[in-house]
Amino acid sequence: MKHLKAGIYIKSTAALAGSFFEATTILLVKHNEEGSIGFVTNKPFEKSLNDLTEFSQAKAFPILDGGPVDRDHLFVLHKHPELIDGGEAIFNGYYLGGNMEQVIKAINTKSVQHQDIQIFIGYCGWDVGELEAEIEEGSWTISGDSIVTGK
């Protein structure tokens, strides 16, 4: 099995048909001794950022349906620590999280491009060994694509 690490993509297989994960591609943002965390990158959420009451001051910006866990919160993946404080460096110049007021300001002033920031509602999470077991049983394949290597 290819090595799992932050920055790689996994894709669901037919084994997950009929579930939330049907036809999904997930970017792993953490994979360590505590487990794995990722975001679905190919499922648009039905609302835009400005459609959410607490972010009505934001300009229209797409939200992705990141996963079934913690759907009460938004999660930000970005490449602009100089504009957005408080993000955690996770891989290859990408940061997870940060000050949402600064995120909105960067979006409203067009200081960031869509390819440099993604906003997710919810996330995907696995306990230690759980993702590996799901790959072994055929629920996921590791994609050849990776943000880390660009391949």
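Over all orientations, region 67-151 has a Cα convex hull whose mean projected area works out to 6.7 square nanometres.
Of (1) 99; (2) 109; (3) 127, which is the value of volume of the Cα convex hull per residue in Å³ derived from the coordinates here? Answer label, from the structure shown: (2).
With a 1.4 Å probe and all protein chains left in place, how much of the accessible area of the chain comes from carbon and sulfur atoms, in whole percent?
On the way: 3830 of 7900 Å².
Exposed carbon and sulfur together represent 48 percent of the surface.
For Leu83, the shell of other residues with beta-carbons less than 10 Å away shows a net charge of -1, using +1 for Lys and Arg and -1 for Asp and Glu.
Ordered by packing density, taken as the mean number of other Cβ atoms within 10 Å over each peptide's residues, highest first, how do 116-122, 3-9 rank?
Values: 116-122: 21.1, 3-9: 16.6.
Sorting 116-122, 3-9 by mean packing, highest first, produces 116-122, 3-9.
Computed over protein heavy atoms with a 1.4 Å probe, the accessible surface of the chain works out to 52 Å² per residue.
The sum of -39500 (n - 2.57) across all DSSP H runs of n ≥ 4, divided by the residue count of the chain, sets its helix-only mean residue ellipticity at 222 nm to -3000 deg cm²/dmol.
If you take the square roots of the eigenvalues of the alpha-carbon gyration tensor of region 60-106 and sort them as a ≥ b ≥ c, do you get rounded (a/c under 1.5), prolate (a/b over b/c) or oblate?
Oblate is the answer for region 60-106, as a/c is 1.5 or above yet b/c matches or exceeds a/b.
The values are calculated or read from the model by the stated rules, or taken from the named source; none is laboratory data. What you are looking at is a predicted structure, and each value in this text was computed from that prediction instead of being measured. Reconstructed Cβ throughout: ideal geometry from the backbone, glycine too, with neighbour counts over all protein chains shown. The area values use the complete protein model at the heavy-atom level, side chains included, leaving out ligands, DNA and RNA. Shrake-Rupley method; radii C 1.70, N 1.55, O 1.52, S 1.80 Å.
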